[in-house]
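Written out below as structure tokens is the structure these notes cover.
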Amino acid sequence: MIYAINKGYQVHPDAFVFLKSLDCDVEKIVKTIVDAKNKFKKKSPILIDDIKSVISRDLNRTDEPVITNTNTESNGESYKIIFDPTYKINSEDKKDFFKLFDSRYKKTLKILSIRSESRQIRKIKYIKDLRNKSRFSSLANESERGKLVDSVFVAGLIMFKRNRKNDVELVIDDTTGSIPVVCKTRELINEASTLVLDQMLMLEISPSKRNSNDFVIKDIIFPDIPEHVSSKSGRESYVAFISDLHVGSKYFMEKEFNDFLAWLSSDDDFVRKIKFICIAGDIVDGIGIYPNQDRELIDINVNSQMSYAAALLEKIPKRMHVFLIPGNHDPGRRALPQSALTNLRDFQQLENFSIIGNPSLVELNKVKLLMFHGQSLDDVIATVPGLSYSKPVEAMKILLRSRHLSPIYGNRTPIAPESEDMLVIDDVPDVFHAGHVHTTQVGRYKGTLIVNSGAWQKQTKFQQTMGITPTPGICILVNLATLQSFKKDFNY
């Protein structure tokens, strides 16, 4: 304890009691936590979750301290926190945006490298040099001139996109430069309509027969998730998905939410099978999130909103383990990724909760679950033709296809200049859970179950102006043994 205090860290009282109960090298645990917090420049108090993370982390991932937390409940249910950005957040200045996009390029290129075509990827500078040489027979031998007759593969981020009358123009950027390319066939034009700026692609391109300066796209290859058979639990157990409570709003459906909490505490035989609850952010309505929001609040103090929310969530039975991530309405930074709400005393006292960052990857009884609040769905829906707030699953498919949770930079969703892009979807999830758009919907994509868990807030005037018609008061339940889902409606 003295080591932590000397380094300027406070130890939460509950964490202090927990440390005293341990029969192991407590000083080593404290030093590991402090070193990790120093590394990521976090001066937050030492919590029980920090201690559990050190005790139970995967020994094969010692380069990422205080991230993986494995726990087995007394009833045999198990969970693991595979990724939580909280201790890795370390953005400093705008210079890190170069590092961010360099990280995005390299991490997504690694995903693309699984494809057999990736062995044929050439850097943009190489392609341009070949093209320039091929224009002048005196400067190029026959083999060099022939290299651009057939197709070549290139991988890069989309820096520019323009829909024209008979084609779509893209500009692709890699670490060596950028190159304009054109989609001309109807099939590829339709494919290009789903593309968003700043996402990573692999393209098969060839020189235009009409103009040697132009390159025509022959194929578009996404990082995408593969077709796969999802992992499942060995026995029947359920997870309940909710999000977007918006406590503090006069539109918060408190009666319906209390009915949900009462149901969780009932003697219903089915309810006893619910072992986990996932809450995908926007616990409170916050303040100053959108124009004239104060007119729609019954509580204009975000701290008291959080205290009231914690008091409600405390009613969840202790036999259920809860995973909670923040959203854009919750206190803390709004830029992605967001750290956990661990600095709030009321939430620290919720003993059956794992308070983690946005996004986070957890494992419940061997089922991998990606939790994301879903802020970027606004940008995707606004950008891709045919998408709407009434069908969020289609927008979530775009994110899986891009292997990125917020591919578009510079629109409505703020992204922090981290040196590592933690929004790349490295691991293929069995379940992808988001909220934000207040519309309940479930779907599947290439073996992954997609869940958008709606909200517990009636339609606000601001949502009316945004064209959002919510489907609130619904809990989505998923059987971890089969990944079959159904809805429980409390808005009756």
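The values are calculated or read from the model by the stated rules, or taken from the named source; none is laboratory data. Note that the structure is predicted; figures quoted are calculated from it, not measured. Virtual Cβ from ideal backbone geometry, glycine too; neighbours counted across all protein chains shown.
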**Asked** Got a sec? Which of SER103, SER53 is within 23 Å of GLN338 (Cβ to Cβ), among the small types (Gly, Ala, Ser) and at pLDDT 85 or above?
**Response** SER103
**Asked** Taking interchain pairs and intrachain pairs at least six residues apart, which have beta carbon atoms under 6 angstrom, with the first residue in region 346-371 and closer than 20 Å to ARG319 by Cβ and the second part of a loop (DSSP other than H, G, I, E, B) and of a type in the set (Lys, Arg)?
**Response** ASN352/LYS318
**Scan of region 464-492 for residues that are free of Cβ contacts under 8 Å to residues at least 60 places away in the same chain, under 23 Å from the mean Cα position of the chain (by Cα) and either within 27 Å of LEU297 (Cα to Cα) or surrounded by 22 or more Cβ atoms within 10 Å (Cβ to Cβ) (or both), ordered by number** = PRO470, THR471, ILE474
**Request:** Could you please give the count of residues in region 182-209 that are closer than 19 Å to ARG401 by Cβ and either touching a helix residue (DSSP H, G or I) at 6+ places or on another chain (Cβ under 8 Å) or aliphatic (A, V, I, L, M) (or both)?
**Result:** 15
**Within region 287-307, considering residues that are in contact with a strand residue (DSSP E or B) (Cβ under 9 Å, 6 or more places away or on another chain) and within 28 Å of SER360 (Cα to Cα), the one surrounded by the most Cβ atoms within 10 Å (Cβ to Cβ)** = GLN305
**Item:** Index of the failed condition, VAL239 passing every other in (1) more than 21 Å from ASN190 (Cα to Cα); (2) touching a helix residue (DSSP H, G or I) at 6+ places or on another chain (Cβ under 9 Å)
**Value:** (2)
**Prompt:** Within region 197-231, restricting attention to residues that are buried (at least 20 other Cβ atoms within 10 Å of the Cβ) and among the β-branched types (Val, Ile, Thr), which residue is farthest from LEU130 (Cα to Cα)?
**Reply:** ILE225
**Prompt:** Can you tell me how many residues in region 189-203 are over 18 Å from MET396 (Cβ atoms), among the polar types (S, T, N, Q) and under 22 Å from the mean Cα position of the chain (by Cα)?
**Reply:** 0
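For (1) within 23 Å of ARG412 (Cα to Cα); (2) surrounded by 22 or more Cβ atoms within 10 Å (Cβ to Cβ); (3) in contact with a Cys (Cβ under 7 Å, 6 or more places away or on another chain), each residue gets a yes or a no:
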| site | (1), (2), (3) |
| --- | --- |
| LYS315 | no, no, no |
| GLY332 | yes, no, no |
| ALA335 | yes, no, no |
| PRO359 | yes, yes, no |
**Message:** Could you check region 298-331 and list, in sequence order, the residues that are within 22 Å of the chain's Cα centre (by Cα) and under 21 Å from HIS438 (Cα atoms)?
**Reply:** VAL322, PHE323, LEU324, ILE325, PRO326, GLY327, ASN328, HIS329, ASP330, PRO331
**Request:** Output the number of the condition that PRO417 fails; it satisfies all remaining conditions of (1) in a loop (DSSP other than H, G, I, E, B); (2) in contact with a helix residue (DSSP H, G or I) (Cβ under 7 Å, 6 or more places away or on another chain); (3) buried (at least 19 other Cβ atoms within 10 Å of the Cβ).
**Result:** (3)
